[in-house]
Every structure is written in structure tokens, then in C-alpha cells.
1. Among the residues of the stretch 127-147, which ones are open to solvent by less than 40 Å² (accessible area, probe 1.4 Å) and touching a residue at least 60 places away in the same chain (Cβ under 8 Å)?
2. Look at Glu136 and say whether it is over 12 Å from Leu47 (Cα atoms), out of contact with any Leu (no Cβ under 7 Å at 6 or more places or on another chain) and modelled with pLDDT of 85 or more.
3. Out of all the residues in the stretch 31-56, which are surrounded by fewer than 16 Cβ atoms within 10 Å (Cβ to Cβ) and over 27 Å from Asp100 (Cα atoms)?
4. Going through the stretch 41-81 one residue at a time, which ones are within 26 Å of Gly126 (Cβ to Cβ), among the charged types (D, E, K, R) and over 16 Å from the mean Cα position of the chain (by Cα)?
5. Would you say Thr154 is exposed (fewer than 14 other Cβ atoms within 10 Å of the Cβ) and either modelled with pLDDT of 90 or more or part of a strand (DSSP E or B) (or both)?
6. Leu27 passes all but one of (1) open to solvent by 50 Å² or more (accessible area, probe 1.4 Å); (2) at pLDDT 90 or above; which number fails?
7. Within the stretch 77-86, does at least one residue satisfy the condition of being open to solvent by 50 Å² or more (accessible area, probe 1.4 Å), at pLDDT 90 or above and of a type outside the set (Val, Ile, Thr)?
8. What pairs come out if I take residues in the stretch 84-111 that are more than 22 Å from Glu51 (Cβ to Cβ) and among the hydroxyl-bearing types (Ser, Thr, Tyr) and pair them with residues that are open to solvent by less than 10 Å² (accessible area, probe 1.4 Å) and part of a loop (DSSP other than H, G, I, E, B) whose C-beta lies under 8 Å away, six or more apart or interchain?
Amino acid sequence: MKRSFIALFLAIALVAVAPAQARKTVLSPNKMSAIASPVDKRDSRLLIHFELPKEMLDEKAIVDFATLHIKAQVSDAAMAQIDVFAVATDWQSAGSVSWDRPWTQAGGDIVAETAPSIYSLKSESGLKEMAIDVTELVRSWKAGKLANNGILMTISKDDLLIDKPSVAFNLDDIAMRVFYSIEYK
């Protein structure tokens with residue numbers, strides 16, 4: 001009698017508290033564009049847009065964690081810094097993207113209220129796989145607090161040697177991994 005009561009209690013508790021189903025998706029960029037300053041070619045930006053799956057945009061979905069994965073390398077410089085920002089302006093529907101268009105500020109409009117994610121590259125590391133935390137950004141897109149205008153990556157020219165115009169960056173294998181749960185009620 002005691003065992004059947006406990007089993008019945010557990011069965012009721014499991015039905016009453018439905019578990020969330022964890023999921024993971026790997027997103028490839030649906031649009032990318034590189035822009036560079038016409039004055040200083042070392043001053044460049046990479047624009048990346050990811051389309052979030054409809055299932056993740058469902059009100060029952062909860063974004064647990066999101067990372068931007070990229071393989072990056074700097075050559076002919078001791079080190080370089082990469083900054084990642086949320087983009088404020090819809091650029092993916094613009095006919096063409098350049099340093100000056102479709103921006104209100106040359107080089108791209110960023111969301112000033114969001115803090116950039118900052119990462120360093122050292123030349124002796126070679127091609128380095130980076131995982132950049134973009135959880136809060138993806139949560140903001142999902143909640144509608146920010147329009148999903150993508151990500152703007154800047155490469156800090158201040159870290160580069162002025163007398164080395166041959167500095168090059170290799171950015172490859174860009175993807176976003178999003179872990180999310182569907183809460184069943």
C-alpha cells in the first residue's frame with residue numbers, strides 16, 4: 001500500500017511538472033558582408049546575420065546559451081583584438097552594403113546599450129577557434145527587445161603596428177550554436 005501511494009504520488013508530480021526538452025541548433029550565416037574604410041584599409045568590419053529557427057522564436061522556447069564560433073588568425077602583427085557588437089540598422093535587406101551605406105554612422109551602426117564582447121588574437125597561436133558568448137544578444141532578439149540585424153565584428157587597428165600595412169586576418173568557419181529548451185505546460 002505504501003509503495004503504490006509513493007508511485008502514484010511520483011506519477012502525479014511528473015505529470016504536474018512537465019520537463020523542458022533541451023535542444024541544440026547550429027546556425028550558418030544566411031548573409032555576410034565585409035566592409036573596409038576607404039581611408040584606412042586596416043579599419044574593417046565583418047557583418048554577419050543569422051536567421052533564428054521558428055521553433056526557437058516560439059513563446060515556450062527559452063534560450064539557455066548561445067555562442068558565436070569562428071576560427072580566426074592574425075598574421076604579421078603581434079596581436080589583435082576582435083570586438084563583437086549588435087547591429088542597429090537593417091543592412092541585410094539593403095541593395096548593397098559599404099562603409100557609408102546604409103548606415104547613419106560610417107562603418108556601421110551598433111547598439112550602444114549592449115556591451116561588446118572582446119577577444120584577443122595572438123599571431124603565434126595560429127588559427128584559433130573562438131567561442132564568443134552571445135547569449136544575451138540572442139535572448140534580446142527572441143524577446144523582441146532588439147531587432148535581429150545581426151552581428152558586427154571589428155578588428156582593432158590600434159593593436160596593429162602602424163608600419164605593417166601587410167597585416168592580414170583570416171576569419172573562417174563561422175557558425176552560431178544555440179542551446180534552448182521548449183517548456184511544456
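1. Here is the first cut: in the stretch 127-147, the ones open to solvent by less than 40 Å² (accessible area, probe 1.4 Å) are 130, 132, 134-135, 137-138, 140-141, 146.
Listed by number, the residues that qualify are Met130, Ile132, Val134, Thr135, Leu137, Val138, Trp141, Leu146.
2. yes
3. Once the filter is applied, which keeps residues that are surrounded by fewer than 16 Cβ atoms within 10 Å (Cβ to Cβ) and over 27 Å from Asp100 (Cα atoms), the stretch 31-56 yields Pro53, Lys54, Glu55.
4. Selection gives Lys41, Arg42, Asp43, Asp76.
5. Working: exposed (fewer than 14 other Cβ atoms within 10 Å of the Cβ): no; either modelled with pLDDT of 90 or more or part of a strand (DSSP E or B) (or both): yes.
Spelling it out, it is not the case that Thr154 is exposed (fewer than 14 other Cβ atoms within 10 Å of the Cβ) and either modelled with pLDDT of 90 or more or part of a strand (DSSP E or B) (or both).
6. Of the numbered conditions (1) open to solvent by 50 Å² or more (accessible area, probe 1.4 Å); (2) at pLDDT 90 or above, the odd one out for Leu27 is (1).
7. No; the residues of the stretch 77-86 include none that is open to solvent by 50 Å² or more (accessible area, probe 1.4 Å), at pLDDT 90 or above and of a type outside the set (Val, Ile, Thr).
8. none
The values are calculated or read from the model by the stated rules, or taken from the named source; none is laboratory data. Computed from a predicted structure; not experimentally measured. Glycine gets a Cβ as well: all are built from the backbone with ideal geometry, and neighbour counts include every protein chain shown. These area figures cover heavy atoms from the full protein model, side chains too; ligands, DNA and RNA do not enter into them. Shrake-Rupley method; radii C 1.70, N 1.55, O 1.52, S 1.80 Å.
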